[in-house]
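See structure below.
The values are calculated or read from the model by the stated rules, or taken from the named source; none is laboratory data. Values in this document were obtained by computation on a predicted structure and should not be read as measured data. Reconstructed Cβ throughout: ideal geometry from the backbone, glycine too, with neighbour counts over all protein chains shown.
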Amino acid sequence: MAEQNEILSISEWYLDAQRKISQLNKASEEYGLTYDQFLVLEQIIELGNNRPGQIAKKFNTSPPAASRKLNALQNKHYIMKAHNIDDDQRTVQLEVTREGREKYTALRKVLYQIG
């Protein structure tokens, strides 16, 4: 019986999380972002994680998956990838564009209100 209650509790937690994620994604879409993309911008702007490897590690994902996330933001002109840092062409540094920063700031205010 206790095990069944625990499973039901986990199920309810999961469903609540899914509803919240849906709400966050809906709010983000109005700013041309997914909530996941907002979180990537947050990592770069607020926490200084400006290397693709740092993003992959933070999101617990593979480098190719992180690259796809970053490419989507780059295609929207929300980030730029600076190459040839420290004379090493393999090194990439991520920079948020003015437009990306504006979208992030505006959406952050809305998300703060959602709680």
Residues within the stretch 36-52 that are in contact (Cβ under 8 Å) with a residue 24 or more places away in the chain and assigned to a helix (DSSP H, G or I), tallied:
9
Of these, Glu30, Glu102, which one is at pLDDT 95 or above and surrounded by fewer than 16 Cβ atoms within 10 Å (Cβ to Cβ)?
Glu102
Within the stretch 67-74, does at least one residue satisfy the condition of being of a type in the set (A, V, I, L, M), under 16 Å from Gly48 (Cβ atoms) and in a helix (DSSP H, G or I)?
yes
Flagged in the stretch 33-68 as loosely packed, with under 14 Cβ neighbours inside 10 Å and charged (D, E, K, R), in numbering order, are Glu46, Lys57, Arg68
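Okay, residues lined up against (1) assigned to a helix (DSSP H, G or I); (2) of a type in the set (A, V, I, L, M, F, W, C):
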position: Ser11; (1), (2): yes, no
position: Tyr31; (1), (2): no, no
position: Gln54; (1), (2): yes, no
position: Met80; (1), (2): no, yes
So is Asn49 touching a Leu at 6+ places or on another chain (Cβ under 9 Å), at pLDDT below 95 and among the polar types (S, T, N, Q) or not?
yes
